[in-house]
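Each remark here refers to the structure printed beneath this line.
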Amino acid sequence: MSPNVSVIVRTRNSAATLPATLSSLRSQTVPVRVVVVDSGSTDATVSIARDDADQLVQVPGESFSYGGALNTGAEAAPGPVQGSLSSHTVLPRPDWVEIALSHLDAGAVAVCGGDVDGGGRPLRAPLSADAEYLSRHRYWGFTNTASLWRADVRSAHPFDETLVASEDQEWSWRVVADGGVLVVDPRLTVSGSHRRTAGLKAYHQRMVREIRALEHLRPLAHYPLWQGVADWVRSEPVDPFVSRVRPFGRTRLLDIAARWDAGRQQRHGKVPQPRTRHRASSGNGEVRADV
């Protein structure tokens, strides 16, 4: 019998980390079907996926978008429950999928981990967020670093393929506006350290893309330099994109630099560029998608 849960792993030159990612999925207490969506890897990623995943989807790198890769994988994946896991991280516990499924069974439409609530306070227990909660905490919430969602909800509300980043948060706004409830459970929190492993420049560029993608949909207030300095020293920064880590720290400084740079790009009229949609055709467990 095919597993009821399909997890989509987006890859590009992920050979160094993909085996551990797939191993964490194979070690779950609930059987999982693993669908790898690769966007033009030139290392051993595709070979690893062919050997260790249940299904391989290949899309042209030039047409990649985060939302597009998820939609392509979801359309190829069977089962009533789907999800996403970064190819640079691992599920921290063998009952991760089992816990997430319990929230879906209780009525949630999507589940992910998180260690703080919408106000930046430590999260000690699962939090159910509806449209009213997300309206008060406009830039907090869902992440596809590790997540599960109901397949019928994704089908009714596909991920936005035109966004260059933050497709997960934008998607959560729409599904809760349609009456759904998102659950964030601290037991399901995964490491986000992979965001910094590519170096400071890449981390900065990624943060700017994510802020700009959300800013394009929900405009942010101007972020002057003086506010950045104030947020660097505050115990609780004002801006939602500045992390609640210790004041004067490097991580917070990187967040502030990205937030300021995103605002600068907005003032100069730079608009995040959409990507081209790609589609897939199924066949024998391996799928190749073309523009």
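List of remarks:
- Considering only ALA100, VAL81, GLY118, the residue lying farthest towards the positive end of the dipole of region 79-139 is GLY118, judged by Cα position with unit charges set on Cβ.
- Label-to-label distance for ASP152 and GLU98 is 2.7 nm, based on points extended 7 Å past Cα in the beta-carbon direction.
Taken together, the values in this text are just the output of simple stated rules run on the coordinates, not laboratory data. Keep in mind the model is a prediction, meaning the values are calculated, not measured. Ideal geometry is used to build each Cβ from the backbone, glycine not excepted, and the neighbour counts take in all protein chains shown.
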